[in-house]
Amino acid sequence: MIRLLQQDSRTMKILFAVIIGAAAITMVITLVPGIFDNSGATNDATVYATVKEPGFFGRTIGDSTAIKTVEVNQLAARQLQQQHLPEQLMPYLLPRAGQILVQRAILKHEADRMNLQVSDEDLRRELQTGPFAQYLFPNGQYIGDDAYINFVSSAFGGQLSRADFESQVKSDMELNRLQALITGGVTVSDAAVREAYLKDGTKVKFDYAVVSAEDIRKEINPSDADLQAFFNQNAARYKTAMPETRKIEYVAFDASNLPGGKPQVSDADVQTYYNAHKDQYEVKEQVKTRHILISVPAGADAKTDGAAKAKAEDLLKQIKAGGNFAELASKNSDDPGSKAQGGELPMIPTAGLDPAYAKAAMALNPGQTSDVVRSQFGYHIIQTEQKEPAHTKPLADVKSEIVPILEQQRAGATEQTFAAALAADAKKNGMDKAAAAKGLHVVTTDFVAKDGVIPGLADGSAMLTQAFATVKGAEPAPVSTGDGFAVFQVEDIKPAHAPDFAEYKTHILEDYREQQAPQLLSAELNKLEGRAKELNDLKKAAAELKVPVKTSDLVGKDGQVPDLGAMSGPGAVAFTLAKGAISGPIETGTAGVVLTVTDKEEPSADDMAKNFDQTKEQLLSQRREEIFQVYLGTVAEKYQTGGGIRLAKAAAGPSLPGAPGN
């Protein structure tokens, strides 16, 4: 079981999506604009938001649901990981994760109000027949409490207990019931199904003339007078085109420049650090075993318990008589996670095992086999393969880890002290004298921008940040440089300013082309379209205008065509044209296209009949999602205007560009 759950498999990812994913139900919860505009905010840092029934009675005596800040952080972190996004986007994901959980809480309140709660019996049936059945009830047989707990812990990274997991499943079931109630009356006509299948199943082949936006740009060659006029007309645009720059003088050093050289670490220093951090070197008691489990269901009667014990005792006799432990485990053990490995479990801390199992396993020497052992899950026969008592790693084993830590700490502290003294000396006697007194030298940069690079420094970003936050002639200041420290001073400042036309001419030309290209591209496409329709021949028109023509494959709506992109995008117009028809201008961003359909293949009546039910279900799902989103928006607005949402003051955050509500 443990090894299965450690696999990065598609199945396990589906499991994560079922419970831990962002969706509260099978449909995607979208972000409802304005839901976080509530002015009644709370200052409790542990609570992100509170949801109550809207209206006076709901706010005063109704039940409330608190969305904890840690829950929002966990969901945002999961979204970051699942979508492979950079850490810098976490501030944008947090408010979105918070809104998803608020919406879920609103739906839960509505489901409770409609008496859609899920009973324990409903939960048991869901676990036996739903998406988790293949893991908890393989072949209809319960895997046992021990394996169940391991499953939840491993599948969800230790973030959920068994009780939390079951509560989450119940909540999802309740919200699915709400969805079914709201969308249960949704229907689609047979005509709509046939129309949708015809639209999605049609394939087209076409000739298309491509006008390259880049080629258009290259043909734009204005005179210097045109560029000068453009520059003058856009003076406001170029007012600060040249960013502020600063000239910095600095003295840099690292540990090798310190008086007395690099700080040394003594054995006594290492011993002191070790004594203060012994908890970091503790190794918990752990054991590697094989076992055979004869499970006993919770609450089983004496007869069932006795039969399980008798079977375990019989297996023990076979082992003592020379039977192969691994073979007997593979054939008889009720632990599906280990039986395929002959009952073998990995090295596990005993704190994570059943107490009776752990005690028996640790009492054995490697190679020894226990008598029958009763745990909360049934009867075990245990064979210990390897064990390690709790202990603290000796100093000799970890000294090589401690010395670099102490060296870095000592060097860092000494460098900071040295930098402070150097800065004080520079303030009193000037940078040159202070540097010379320490055997160092002053470096003066060229004018450098805030996002520039300072040659000779491993990391000059901190110096640039501080330099652009101070004034010219300010006192020398110390700053970290990545592999040491420096003392710096701003020598001169050039404010942001408009560039000289001559030195900025190349940029101005690019800007001019950027402005003119769309209009010229549109004009060229209109000319091409008009001539093609006049001649009723796209190829002839393209040849006259010296525009290349390409031919597509037979493609459907899920296809891709060079220069046109996805056929679900602007090129989708091809599916609406009759064979031989010529399209209007199609702009893709990087090019412009005019196309003519040369072949069109519609799905046959047999294909439509075969796929009718599947298409109908897809269309129904789409309509249900649309209806439920309308419902969600309406009920969220009711809670918002009725004062049912109280958002913590610290919960507000930036929005992603283009996000709903922006």
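The values are calculated or read from the model by the stated rules, or taken from the named source; none is laboratory data. As the structure is a prediction and not an experimental result, all values here were calculated from the model. For neighbour counting, all protein chains shown are included, and Cβ atoms are generated from backbone atoms with ideal geometry for every residue, glycine included. Just the protein is used for accessible areas: all its heavy atoms, side chains included, with ligands, DNA and RNA removed. Shrake-Rupley method; radii C 1.70, N 1.55, O 1.52, S 1.80 Å.
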query = Across the stretch 152-181, which residue is modelled with the lowest pLDDT among those that are outside any helix (DSSP H, G or I) and surrounded by 17 or more Cβ atoms within 10 Å (Cβ to Cβ)?
reply = Phe156
Whichever residue in the stretch 434-492 is of a type in the set (A, V, I, L, M) and over 42 Å from the mean Cα position of the chain (by Cα) and, among such residues, is farthest from Lys247 (Cα to Cα) = Ala437
remark   = Selection from the stretch 432-461 of residues open to solvent by less than 60 Å² (accessible area, probe 1.4 Å) and among the aliphatic types (A, V, I, L, M) yields Ala434, Ala435, Leu440, Val442, Val443, Val448, Ala449, Ile454, Leu457
request  = Starting from the stretch 471-489, take each residue that is open to solvent by less than 60 Å² (accessible area, probe 1.4 Å) and list its partners that are among the charged types (D, E, K, R) and in a loop (DSSP other than H, G, I, E, B), counting only C-beta distances under 7 angstrom and pairs at least six apart or across chains.
outcome  = Thr481/Asp459; Gly484/Asp254
ask   = Out of (1) of a type in the set (A, V, I, L, M, F, W, C); (2) closer than 30 Å to Asn332 by Cα; (3) in a helix (DSSP H, G or I), the odd one out for Val372 is which?
value = (3)
query = Got a sec? Which of Thr187, Thr240 is among the β-branched types (Val, Ile, Thr), open to solvent by 60 Å² or more (accessible area, probe 1.4 Å) and closer than 30 Å to Arg624 by Cβ?
reply = Thr187
note = Here the residues within the stretch 220-237 that are of a type outside the set (A, V, I, L, M, F, W, C) and open to solvent by less than 50 Å² (accessible area, probe 1.4 Å) are Pro222, Asn234
message = If I filter the stretch 391-414 for residues that are open to solvent by less than 40 Å² (accessible area, probe 1.4 Å), out of contact with any Cys (no Cβ under 9 Å at 6 or more places or on another chain) and either among the small types (Gly, Ala, Ser) or without any contact (Cβ under 8 Å) to a residue 40 or more places away in the chain (or both), do I get at least one hit?
response = yes
Count of the stretch 505-520 residues which are more than 41 Å from the chain's Cα centre (by Cα) and either open to solvent by 80 Å² or more (accessible area, probe 1.4 Å) or more than 30 Å from Phe447 (Cβ to Cβ) (or both) = 1
ask   = What are the residues in the stretch 138-151 that are without any contact (Cβ under 8 Å) to a residue 60 or more places away in the chain and open to solvent by less than 40 Å² (accessible area, probe 1.4 Å), if any?
value = Tyr148
From the options Ala361, Ala351, residue that is outside any loop (DSSP other than H, G, I, E, B) and either modelled with pLDDT under 90 or surrounded by fewer than 20 Cβ atoms within 10 Å (Cβ to Cβ) (or both) = Ala351
ask   = Hey, Gln341 hits all of (1) crowded, with 18+ Cβ neighbours inside 10 Å; (2) of a type outside the set (Asp, Glu); (3) closer than 20 Å to Ser153 by Cβ but one; which does it fall short on?
value = (1)
task = Output the qualifying pairs, or none if there are none: Cβ atoms under 9 angstrom, residues six or more apart or on different chains, first residue in the stretch 38-59 and acidic (Asp, Glu), second residue modelled with pLDDT under 85 and surrounded by 18 or more Cβ atoms within 10 Å (Cβ to Cβ).
result = Asp44/Ala648
request  = Select from the stretch 87-135 the residues that are touching a Lys or Arg at 6+ places or on another chain (Cβ under 7 Å) and part of a loop (DSSP other than H, G, I, E, B) and list them in ascending order.
outcome  = Leu116, Val118
note = Picked from the stretch 204-219 (must be buried (at least 17 other Cβ atoms within 10 Å of the Cβ) and modelled with pLDDT of 95 or more), the residue nearest to Lys600 (Cα to Cα) is Val204
query = Checking Pro366 against (1) open to solvent by 40 Å² or more (accessible area, probe 1.4 Å); (2) under 19 Å from Ala308 (Cβ atoms); (3) part of a loop (DSSP other than H, G, I, E, B), which test does it fail?
reply = (2)
query = Phe132 is checked against (1) within 26 Å of the chain's Cα centre (by Cα); (2) open to solvent by 60 Å² or more (accessible area, probe 1.4 Å) and fails just one. What number does that condition carry?
reply = (2)
request  = Looking only at the stretch 546-562, count how many residues are open to solvent by 40 Å² or more (accessible area, probe 1.4 Å), closer than 13 Å to Asp207 by Cα and not in a loop (DSSP other than H, G, I, E, B).
outcome  = 3
ask   = Hey, among Ala496, Ala502, Ala523, Ala543, which residue is open to solvent by 40 Å² or more (accessible area, probe 1.4 Å), farther than 30 Å from Gly412 by Cα and in contact with a Ser or Thr (Cβ under 6 Å, 6 or more places away or on another chain)?
value = Ala496
Residue tally, condition more than 14 Å from Asp500 (Cα to Cα) and touching a helix residue (DSSP H, G or I) at 6+ places or on another chain (Cβ under 7 Å), over the stretch 223-240 = 0
request  = Scan the stretch 474-490 for residues that are touching a Gly at 6+ places or on another chain (Cβ under 8 Å) and part of a strand (DSSP E or B) and jot them down.
outcome  = Gln489, Val490
Scan of the stretch 563-602 for residues that are in contact with an Asp or Glu (Cβ under 9 Å, 6 or more places away or on another chain), assigned to a loop (DSSP other than H, G, I, E, B) and open to solvent by 20 Å² or more (accessible area, probe 1.4 Å), ordered by number = Ser568, Lys579, Gly584, Pro585, Thr588, Thr590
